[in-house]
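Colleague: Structure below; questions to follow.
The values are calculated or read from the model by the stated rules, or taken from the named source; none is laboratory data. Only a predicted model underlies this, so the values are computations on that prediction, with no experimental measurement involved. Glycine also receives a Cβ, built like all others from the backbone with ideal geometry; neighbour counts cover every protein chain displayed. Keep in mind that these areas ignore ligands, DNA and RNA; they rest on the heavy atoms of the full protein, side chains included. Shrake-Rupley method; radii C 1.70, N 1.55, O 1.52, S 1.80 Å.
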Amino acid sequence: IAQECLYSQRENFTKIRKIYCFILTGTTVDRQSKRWYSNRRKCMTAGRKAIEAVEKEEIMTYADMFSKVKGMLMDADVSDIHEHLAYQFNITGEAEGIFYAEVKDGQLYVEPYEYFDRDAMFTCSAETLFKIADGKTDPILAVTLGKLKVEGNIDKALKLKDLINSKKKTKSKK
């Protein structure tokens, strides 16, 4: 009985190892073939790289992403925008989360909460949002390419471009 338990534990470990290596390398591990050693090395290398990325903080968290975007958006001059605008941003992929940007009484507020009374909701990756907020990518082009999804009032959603452009104007004035 003890040998059977030991055998089944070893068999389960082998199955888990095979699944783990398949996920990391995309190839199956066959103990009988000579490829097993190279696949094992690939698995170990991929595992080490993942650990190093976490240690070096290359993987962006939601808090990192939010503080970066807030810093980018807060440079915008919204004193000439006199209507109420409320945008919710749903970030997918790495640094997944939700935050909103609101223009109210000539002031811009960016907070890490869901906004239920929003005018428009944008869904995109953090990388796409950085490019849009930095002015490197046009929001309309991002929608056309399918990198940015928009729901809600399209007229008010188009004012996001004005908000980004007002940021560029303040940079050029300085």
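Colleague: Can you name the residue in the stretch 116-163 that is open to solvent by 60 Å² or more (accessible area, probe 1.4 Å) and of a type in the set (Val, Ile, Thr) and, of all such residues, is farthest from Val78 (Cα to Cα)?
Modeller: Applying the filter and picking the extreme gives Thr144.
Colleague: Lys104 fails exactly one of the following numbered conditions: (1) touching a Ser or Thr at 6+ places or on another chain (Cβ under 7 Å); (2) open to solvent by 60 Å² or more (accessible area, probe 1.4 Å); (3) closer than 20 Å to Gly71 by Cα. What is the number of that condition?
Modeller: Failed condition: (1).
Colleague: Count, please, the residues in the stretch 56-70 that happen to be touching a helix residue (DSSP H, G or I) at 6+ places or on another chain (Cβ under 9 Å) and free of Cβ contacts under 8 Å to residues at least 24 places away in the same chain.
Modeller: Summing the residues that are touching a helix residue (DSSP H, G or I) at 6+ places or on another chain (Cβ under 9 Å) and free of Cβ contacts under 8 Å to residues at least 24 places away in the same chain in the stretch 56-70 gives 2.
Colleague: Another one. Among the residues of the stretch 71-100, count how many are out of contact with any Lys or Arg (no Cβ under 8 Å at 6 or more places or on another chain), in contact (Cβ under 8 Å) with a residue 40 or more places away in the chain and hydrophobic (A, V, I, L, M, F, W, C).
Modeller: 2
Colleague: Okay, next question. Are there helices (runs of 4 or more DSSP H) fully within the stretch 107-174 with at least 1 residues that are modelled with pLDDT under 90 and under 19 Å from Ala86 (Cα atoms)? List them.
Modeller: Helices (runs of 4 or more DSSP H) meeting the threshold: 126-133, 159-173.
Colleague: Within the stretch 69-79, which residues are assigned to a loop (DSSP other than H, G, I, E, B) and either at pLDDT below 85 or open to solvent by less than 40 Å² (accessible area, probe 1.4 Å) (or both)?
Modeller: Within the stretch 69-79, Asp75, Ala76, Val78 qualify.
Colleague: Restricting to the stretch 92-128, give me the number of residues that are of a type outside the set (D, E, K, R) and more than 13 Å from Tyr62 (Cα to Cα).
Modeller: 16
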